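Written below as structure tokens is the structure these notes are about.
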Amino acid sequence: MNIVRKISMDKIHSMRQHVKFYWQTYFRTMKDITLTTLKIINDRVFPYASRPYEEWNSPPEQVLARSPLFYPLLPPKNAGFTAVILTYDRLESLFRVIQQVAMAPSLTKVLVVWNNQEKTPPPVQSWPKISKPLKILQTSYNKLSNRFLPYSEIETEAVLAIDDDIIMLTADELEFGYEVWREFSDRLVGFPSRLHLWDNVTQRWRYESEWTNDISLVLTGAAFYHKHYSYMYMNAMPGHIKNWVDEHVNCEDIAMNFLIANVTGKSPIKVTPRKKFKCPECINVDMLSADAGHMVERSDCINKFVSVYGRMPLKTVEFRADPVLYKDKFPSKLKQYDSIGSL
């Protein structure tokens, strides 16, 4: 009895809650017992998709408060978004991207992150003349994480991260992507999508770039996200992932997907049907994506990040957001977003 009396009331309450959770979840009815048995069998047969220990044994935590950033309210439309373009030395395509992004009505500012320390940016008079503010930020080091720095020049909640060779997106596609982000401001919302898969042969996760209906990643080569995630990427990324990404010069986009999925428990959202994002005149033998080992490196990144997080936070969905009527044969004046790429 002395041992029992030493147990605090908080501990007793916690144990009671656990017993209640076990009973109501797994043993209350024959249906619950049957489903529990089937789930255990499923976890044994498919260990890569099994539920973690915490999910089996911990009652769902009551959410008493949420971040004020993600209350179920839409960010004001007139706030717009800031486009952050990471570039190194592709001026022709960079200027085309700037001109194209500037056509989006909700754009408020363009920030060009100049990641080339061996060459200074072109003189001011040679840059495209656009109706929105344009600022060039020259970095001190060539790091992929520079694209996610929480620059003071970013005054909007929405950030469009876009590469300097994504010249094919139309103003309608960008504007629609921003509208979707406003409804799901806690998620990564973008255009190029990818998938992670479990390989039963190697017993490892694999990065997949084939066109499928399933997605679990949206690449930050063209994606909207809340600027709060820039602070998290730079200051709250677990296990020195940020430094690992900078050292390997790869996978900053996968790291951001892991970060957001881990925080929200939600999948990213792909918008519009476009799947081709290569700039033909930009391709050269030095491009990272042309490297034969690129896919292997990306798979290694996923497995590295899983080991750091201790689980797989990415969520797979079969979902895509498209504008209403975009494929219907109606007059263009009846469509809010008429110029939507098919591939």
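The values are calculated or read from the model by the stated rules, or taken from the named source; none is laboratory data. Please read all numbers here as calculations on a predicted model, not as lab measurements. Reconstructed Cβ throughout: ideal geometry from the backbone, glycine too, with neighbour counts over all protein chains shown. Note: areas computed on protein heavy atoms with side chains; ligands, DNA, RNA excluded. Shrake-Rupley method; radii C 1.70, N 1.55, O 1.52, S 1.80 Å.
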*asked:* For a quick check: with amide H placed at 1.01 Å from N, whose amide H comes under 5 Å from residue 136's, ignoring anything fewer than 5 positions away on the same chain?
replied: 112
*Step through the residues of segment 250-256 one at a time and calculate ³J(HN,Hα) from phi using the Karplus curve (6.51 cos²θ - 1.76 cosθ + 1.60, θ = phi - 60°), rounding each to whole Hz and writing x for Gly and Pro.*
6, 6, 5, 6, 5, 4, 5
*asked:* Given points 7 Å out from each Cα along the Cα-Cβ axis, report the residue 17 to residue 212 separation in nanometres with one decimal.
replied: 3.8 nm
*asked:* From the phi angles alone, apply the Karplus equation (6.51, -1.76, 1.60; θ = phi - 60°) to segment 114-122 and give each ³J(HN,Hα) in whole Hz, x where the residue is Gly or Pro.
replied: 7, 9, 10, 7, 8, 9, 7, x, x
*What is the distance, in nm, between label points placed 7 Å from the Cα along the Cα-to-Cβ direction at residue 56 and at residue 126?*
6.3 nm
*asked:* Under 5 Å between amide hydrogens, which residues at least 5 positions from residue 267 or on another chain qualify, with H placed 1.01 Å from N in the peptide plane?
replied: none
*In whole Hz, with x marking every Gly and Pro, tabulate ³J(HN,Hα) for segment 297-311 from phi via Karplus 6.51 cos²θ - 1.76 cosθ + 1.60, θ = phi - 60°.*
5, 5, 5, 4, 4, 4, 5, 5, 5, 4, 5, 6, 6, x, 6
*segment 95-169 to segment 17-43: how many Å between their Cα centroids?*
53 Å
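Working out 0.36 nm times the residue gap between residue 41 and residue 319, then minus their Cα-Cα distance, what length gain in nm do you get to one decimal?
Answer, rounded to one decimal: 97.2 nm.
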*Listed highest first by mean packing, meaning other Cβ atoms within 10 Å per residue, what order do 151-160, 178-187 come in?*
178-187, 151-160
*Using a cut-off of 10 Å between beta-carbons, work out the net charge of the residues near residue 264 (Lys and Arg +1, Asp and Glu -1, residue 264 not included).*
+2
_Neighbour net charge for residue 136 - beta-carbon separation under 15 angstrom, K R +1, D E -1_ = +4
*When ligands, DNA and RNA are left out and all protein chains stay put, how many square angstrom of accessible area per residue does segment 207-266 have with a 1.4 Å probe?*
37 Å²
